[in-house]
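Trainee: If you scroll down you'll find the structure; I have some questions about it.
Every read-out reported here was derived from the displayed coordinates using simple, explicitly stated rules and does not represent laboratory data. Bear in mind that the values here come from a model prediction, so they are computed numbers and not experimental data. Counting neighbours? That spans all protein chains shown, and the Cβs are built from the backbone with ideal geometry, glycine included.
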Amino acid sequence: MRIDKFLADNSIGTRKEIKAFVKAGRVSVNGAPAFDPGMHIDPASDEVGFDGSVIKYEKFHYYMLNKPAGTVSSTKEGASTTVVELLADEGVKNLSPVGRLDKDTEGLLILTDDGELLHDLISPKKHVGKEYLVITEKPVSGDDLKKLAAGVDIGDDKPTLPAKAEMKDDGLHLTITEGRFHQVKRMLEAVDNKVTYLKRIKMGELELDPVLKEGEYRKLTIAELALLKAKSDE
Ligand code: URA
């Protein structure tokens, strides 16, 4: 792999900037300065340095964000902050959220530049479970739980697929495997209720890290990424 591509993929700069960094002697390979931006390196065995720090090659980037209410998951929409803007300091290009959360929904959102994984995780065929903590206007009865679990008519062609619905100390936990527009809110409307607070807490086997405050994010660990990839391969 060319060293300028390696550095650009790691968000060190644009190819043009990297050329200048190389010429200025700021880039090293195995401890020796690199003076040709077109030189080839082996990311697995060569140690590339920039301004004295070793750069570990990452082809793709994966983050877990605790999405705060008031931010939008899609691209720029009026004055609202997008979730991608919250990670601007990372300097990673082409990050996209894995699925969408409504503007007023909080919680677990994965952002990545790995298009293949993103596609697999949002594919309806994969049935990746998404668990939500749901606070409602009125109490949820045992009968409502049964209906939500069996599938409810939310005005689409088909009722919702079977889900998991459980009352816990902090509220209703609803796990759905589809991602229809406003699905959780519409499911609660179907049992004559209304969502007043919604937070995604789990996707597949990946749980939102409770130390992340609203708006905070961190890279996924290797183990967490493996959990997600295993789910997307099923
Ligand atoms: N269901 C909803 O209604 N809203 C979300 O943001 C996610 C699931």
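Trainee: Quick check on my filter: what residues within segment 1-40 are surrounded by 15 or more Cβ atoms within 10 Å (Cβ to Cβ), closer than 22 Å to residue 92 by Cα and among the β-branched types (Val, Ile, Thr)?
Mentor: 3, 12, 18, 22, 27
Trainee: Tell me, please, whether a residue that is in contact (Cβ under 8 Å) with a residue 60 or more places away in the chain, in a loop (DSSP other than H, G, I, E, B) and within 14 Å of the ligand (Cβ to nearest atom) can be found in segment 132-148. Give the steps one after another, and end with the answer.
Mentor: Initially, segment 132-148 is screened for residues in contact (Cβ under 8 Å) with a residue 60 or more places away in the chain, giving 132-136.
Next, from what is left, pick out any that are in a loop (DSSP other than H, G, I, E, B): none.
Looking for residues that are in contact (Cβ under 8 Å) with a residue 60 or more places away in the chain, in a loop (DSSP other than H, G, I, E, B) and within 14 Å of the ligand (Cβ to nearest atom), one finds none in segment 132-148, hence no.
Trainee: Filter segment 65-117 for residues that are of a type in the set (Lys, Arg) and either under 20 Å from residue 203 (Cβ atoms) or touching a strand residue (DSSP E or B) at 6+ places or on another chain (Cβ under 9 Å) (or both) and give the result. Don't jump to the end; show me each part of the working.
Mentor: Initial filter on segment 65-117 (of a type in the set (Lys, Arg)): 67, 76, 93, 100, 103.
Within segment 65-117, 67, 76, 100, 103 qualify.
Trainee: Let me ask something else. For segment 151-183, give me each residue that is among the basic types (Lys, Arg), more than 10 Å from the ligand (Cβ to nearest atom) and surrounded by 12 or more Cβ atoms within 10 Å (Cβ to Cβ).
Mentor: From segment 151-183, those among the basic types (Lys, Arg) are 158, 164, 168, 180; that's our starting set.
Cutting the leftovers down to more than 10 Å from the ligand (Cβ to nearest atom) gives us 158, 164, 168.
Selection gives 164 alone.
Trainee: Under 26 Å from the mean Cα position of the chain (by Cα), surrounded by 12 or more Cβ atoms within 10 Å (Cβ to Cβ) and within 25 Å of residue 200 (Cβ to Cβ) - does that describe any residue in segment 46-61? Break it down stepwise before answering.
Mentor: Just the residues of segment 46-61 that are under 26 Å from the mean Cα position of the chain (by Cα), to begin with: 55-61.
Going one step further and asking which of them are surrounded by 12 or more Cβ atoms within 10 Å (Cβ to Cβ), we end up with 55, 57-58, 60-61.
This time we only want the ones that are within 25 Å of residue 200 (Cβ to Cβ), so: 60-61.
Taking every residue of segment 46-61 in turn, at least one turns out to be under 26 Å from the mean Cα position of the chain (by Cα), surrounded by 12 or more Cβ atoms within 10 Å (Cβ to Cβ) and within 25 Å of residue 200 (Cβ to Cβ).
Trainee: Could you tell me whether residue 186 is part of a loop (DSSP other than H, G, I, E, B), under 22 Å from residue 70 (Cα atoms) and within 12 Å of the ligand (Cβ to nearest atom)?
Mentor: Details: part of a loop (DSSP other than H, G, I, E, B): no; under 22 Å from residue 70 (Cα atoms): yes; within 12 Å of the ligand (Cβ to nearest atom): yes.
Against the criterion (part of a loop (DSSP other than H, G, I, E, B), under 22 Å from residue 70 (Cα atoms) and within 12 Å of the ligand (Cβ to nearest atom)), residue 186 does not qualify.
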